[in-house]
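Step one of this worksheet: look at the structure below.
The values are calculated or read from the model by the stated rules, or taken from the named source; none is laboratory data. The structure presented is a predicted model; accordingly, all values stated were derived computationally and were not measured. Reconstructed Cβ throughout: ideal geometry from the backbone, glycine too, with neighbour counts over all protein chains shown. Accessible surface is based on the protein model in full, side chains and every heavy atom, while ligands, DNA and RNA are left aside. Shrake-Rupley method; radii C 1.70, N 1.55, O 1.52, S 1.80 Å.
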Amino acid sequence: MNPTMIQFFHWYSEGDGKLWKEAEKQARYLAKLGITSVWFPPAYKGTNGGYSIGYDAYDLYDLGEFDQKGTLPTKYGTKKDYTKAIKALKKQNIQIIVDIVLGHKAGGDELEKFKVVKVDEENREKVISEVIEIESYTKFTFPGRGKKYSDFEWNFTCFSGVDYAEGMDSHIFKIQSEYGNDWEEMIDDEKGNYDYLMYNDIEHRNPFVREELNTWAKWYFDQTDFDGVRLDALKHISFDFYKEWLTLLRSNSGKDIFAVGEYWAPGYLHLLQKYIEVTEGCMSLFDSSLQNNFHTASREGDSYDLRRIFDETLTQADPMHSVSLVANHDTQPLQDLEAPVEPWFKPIAYALILLRKDGYPCVFYPDLYGAHYVDKDREGNDQEIFMPKVDGIEELLKARKDHAYGEQHDYFEDANCLGWVRTGDDEHTGCVVVLSNKDAYNKPMEVGTLYAGKKFKDILKRFKEKVMIDENGWGDFPAPAGNVSVWIPE
């Protein structure tokens, strides 16, 4: 079956420990749609306890089991709820992809004194102070967990930088360390060096830290039997670290763990390719460039040349390492990286990632279920956001599961109307897809003489009329204005 992932959360997912239970209930439905893997949010305790999204990681060993940061469950539920959801999904042959946040830690338990220098926030290579001593919350003792699972205590030698100093204004402070007074090497020179992102930045050159993170990975696998990992914020973490970490995880688990990394660089395909090269192809990456093309196309409307939709994308350049997506928790409205795809264009975008042969598509939770939330806009005002379920998303998913197989023949000669044919295989009939970002169109396409005299129907029900295939295997397939139709043999 064609692989299809779903990101089963968003930035504003409902709290109160409900997500794991919802995932358990949705397992059968997801399998019916053809979902083969579920990407869960970070499952460990964050510094805001039951309110934490999970990216402010505090205790990696607390999966909703210990009374820490004011709560026993995480935002998404207890450890018991989590493992039950995983078992329910695996029973439906759905793989589990866990979110890994190893770039920083937050919410330290005790203050420590150590030496630092201030660096320029826009050029972290530029030191703007003498060596000074500060106090910061860099000691992690995990009093709610004690020594269960691990007796490792984090201290300032485990971090390369912090943004908090007791009694001082917030700034980026580079820790003066035996492991190096410079930042770790990155593949790009954005902000001089973008090693530091937030909170307490983990020092991956510390061998004790590496050993602990490798030990934890095996422990996490033993607790959950996950099948894949989503690696957070690769732009800010040593590429050498994750090469080693994934090698050891795969070896210690005895499983070919799938990995997809978040290196968010829309419009900079060469950086994605460079990262894949330096990590020797050990992971896939999300195609941030394709997501940005969808955002742009949806904003520009019929002035956008659809023939350019895959230009400068990882899905076109290296489909074996591409995870394609229309939206995620960072691009949704009111987030720092917001790049929303307008609702009218989403059925087109999903057809482009679900019904073509290249890339491993990832569906976003609000696009399948809808979402409604309120947050502050850039001016600090409350803004109410409705993210409607994508029109026809279930039918598009089922078409991927049942029909998007075989050779692909493209009809990309028109700037406003694209079409392609999937020929099917020994077990599946194929499909025909035609879409427009302007007017209604009719596009002649060849499906083969095997279908001569047969009719095709639009499973999205944009058209009631059938398309008759002529004696030469050709049909005249209509596209709705600003939408998509998907045709299968009747």
Are any residues in region 248-264 touching a strand residue (DSSP E or B) at 6+ places or on another chain (Cβ under 8 Å) and not in a strand (DSSP E or B), and if so, which ones?
-> Leu249, Ile257, Glu262, Tyr263, Trp264
In region 124-148, anything of a type outside the set (A, V, I, L, M) and part of a loop (DSSP other than H, G, I, E, B) is listed as Ser129, Glu130, Thr141, Phe142, Pro143, Gly144, Arg145, Gly146, Lys147, Lys148
Restricting attention to region 209-236, and to residues there that are hydrophobic (A, V, I, L, M, F, W, C) and part of a helix (DSSP H, G or I), which single residue is surrounded by the fewest Cβ atoms within 10 Å (Cβ to Cβ)?
-> Trp219
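Can you work out which of the residues in region 171-181 that are over 30 Å from the mean Cα position of the chain (by Cα) and assigned to a loop (DSSP other than H, G, I, E, B) is surrounded by the fewest Cβ atoms within 10 Å (Cβ to Cβ)?
Narrowing region 171-181 to residues over 30 Å from the mean Cα position of the chain (by Cα): 175-181.
Next, from what is left, pick out any that are assigned to a loop (DSSP other than H, G, I, E, B): 176-181.
Working: Gln176: 15, Ser177: 20, Glu178: 9, Tyr179: 17, Gly180: 15, Asn181: 14.
Ranking the candidates gives Glu178 first.
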What number goes with the only condition from (1) over 14 Å from Asp59 (Cβ atoms); (2) touching a Lys or Arg at 6+ places or on another chain (Cβ under 8 Å); (3) crowded, with 17+ Cβ neighbours inside 10 Å that Asp163 does not pass?
-> (2)
The listed residue being in contact with a strand residue (DSSP E or B) (Cβ under 9 Å, 6 or more places away or on another chain) and surrounded by fewer than 20 Cβ atoms within 10 Å (Cβ to Cβ), out of Pro3, Pro41 | Pro3
For region 360-401, what are the residues that are open to solvent by 40 Å² or more (accessible area, probe 1.4 Å) and in contact with a helix residue (DSSP H, G or I) (Cβ under 8 Å, 6 or more places away or on another chain)?
-> Pro388, Lys389, Asp391, Lys398, Lys401
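Name the single residue, out of those in region 196-221 being aliphatic (A, V, I, L, M) and touching a helix residue (DSSP H, G or I) at 6+ places or on another chain (Cβ under 8 Å), that is farthest from Asp120 (Cα to Cα). Walk me through how you get there before you give the answer.
Looking only at region 196-221, we keep the residues that are aliphatic (A, V, I, L, M), and these are 197-198, 202, 209, 213, 217.
Among the residues that remain, those that are also touching a helix residue (DSSP H, G or I) at 6+ places or on another chain (Cβ under 8 Å) are: 197, 202, 209, 213, 217.
Values: Leu197: 13, Ile202: 19, Val209: 27, Leu213: 30, Ala217: 34 Å.
If we take residues in region 196-221 being aliphatic (A, V, I, L, M) and touching a helix residue (DSSP H, G or I) at 6+ places or on another chain (Cβ under 8 Å), then Ala217 is farthest from Asp120 (Cα to Cα).
Restricting the search to region 16-51, which residues are part of a loop (DSSP other than H, G, I, E, B) and farther than 30 Å from Tyr199 by Cβ? Walk me through it before giving the result.
Step one: list which residues in region 16-51 are part of a loop (DSSP other than H, G, I, E, B), which gives 16-18, 34-36, 40-44, 47-48.
Across region 16-51, the qualifying residues are Gly34, Ile35, Thr36.
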Does any residue in region 123-141 that is over 22 Å from Lys191 (Cβ atoms) come within less than 6 Å, Cβ to Cβ, of a residue that is small (Gly, Ala, Ser) and assigned to a strand (DSSP E or B) six or more places away or on a different chain, and which pairs are these?
-> none
Can you tell me which residue within region 264-305, out of those that are under 17 Å from the mean Cα position of the chain (by Cα) and among the hydroxyl-bearing types (Ser, Thr, Tyr), is surrounded by the most Cβ atoms within 10 Å (Cβ to Cβ)?
-> Ser288
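Among the candidates Ala349, Ala404, which residue alone is under 30 Å from Ser13 (Cα atoms) and either open to solvent by less than 70 Å² (accessible area, probe 1.4 Å) or of a type in the set (Asp, Glu) (or both)? Walk me through it before giving the result.
Values: Ala404 fails: under 30 Å from Ser13 (Cα atoms).
Testing whether each residue is under 30 Å from Ser13 (Cα atoms) and either open to solvent by less than 70 Å² (accessible area, probe 1.4 Å) or of a type in the set (Asp, Glu) (or both) leaves just Ala349.
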Output the number of residues of region 306-333 satisfying the condition of being over 20 Å from Ile393 (Cα atoms), under 15 Å from the mean Cα position of the chain (by Cα) and not in a helix (DSSP H, G or I).
-> 2
Can you name the residue in region 133-144 that is over 30 Å from the mean Cα position of the chain (by Cα) and open to solvent by less than 50 Å² (accessible area, probe 1.4 Å) and is also farthest from Thr47 (Cα to Cα) among such residues?
-> Ile134
Residue pairs within 8 Å by beta carbon, gap of at least six or interchain, first lying in region 2-17 and farther than 17 Å from Leu368 by Cβ, second not in a loop (DSSP other than H, G, I, E, B) and not basic (Lys, Arg), listed first then second, are Gly15/Gly50; Gly15/Tyr51; Asp16/Gly50; Gly17/Gly50; Gly17/Thr74; Gly17/Gly77; Gly17/Asp81
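Residue by residue, here is whether (1) in contact with a strand residue (DSSP E or B) (Cβ under 6 Å, 6 or more places away or on another chain); (2) within 30 Å of Ala399 (Cβ to Cβ); (3) open to solvent by 20 Å² or more (accessible area, probe 1.4 Å) holds:
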| position | (1), (2), (3) |
| --- | --- |
| Glu22 | no, yes, yes |
| Ala27 | no, yes, no |
| Leu33 | no, yes, no |
| Ser52 | yes, no, no |
| Asp67 | no, no, yes |
| Tyr82 | no, no, no |
| Leu89 | yes, yes, no |
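Please verify whether region 287-300 includes one or more residues that are modelled with pLDDT of 95 or more, among the hydrophobic types (A, V, I, L, M, F, W, C) and under 26 Å from Met186 (Cα atoms). Outline the logic, then answer.
Of the residues in region 287-300, the ones modelled with pLDDT of 95 or more are 287-300.
Filter once more, so that each one left must be among the hydrophobic types (A, V, I, L, M, F, W, C): 290, 294, 297.
If we keep only those that are under 26 Å from Met186 (Cα atoms) as well, we get 290.
Yes, some residue in region 287-300 is modelled with pLDDT of 95 or more, among the hydrophobic types (A, V, I, L, M, F, W, C) and under 26 Å from Met186 (Cα atoms).
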Output the residue which, of all residues in region 453-488 that are touching a Gly at 6+ places or on another chain (Cβ under 6 Å) and outside any strand (DSSP E or B), is surrounded by the fewest Cβ atoms within 10 Å (Cβ to Cβ).
-> Gly473
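When you check Val116 against the structure, is it open to solvent by less than 80 Å² (accessible area, probe 1.4 Å), of a type in the set (A, V, I, L, M) and without any contact (Cβ under 8 Å) to a residue 60 or more places away in the chain, yes or no?
Details: open to solvent by less than 80 Å² (accessible area, probe 1.4 Å): yes; of a type in the set (A, V, I, L, M): yes; without any contact (Cβ under 8 Å) to a residue 60 or more places away in the chain: no.
Considered against the rule, which asks whether it is open to solvent by less than 80 Å² (accessible area, probe 1.4 Å), of a type in the set (A, V, I, L, M) and without any contact (Cβ under 8 Å) to a residue 60 or more places away in the chain, Val116 comes out as no.
With the requirement that a residue be in a loop (DSSP other than H, G, I, E, B) and among the polar types (S, T, N, Q), what does region 149-170 give you? Walk me through it before giving the result.
The first filter runs over region 149-170 and keeps only residues in a loop (DSSP other than H, G, I, E, B), leaving 149-153, 155, 163-170.
Answer for region 149-170, where residues must be in a loop (DSSP other than H, G, I, E, B) and among the polar types (S, T, N, Q): Ser150, Asn155, Ser170.
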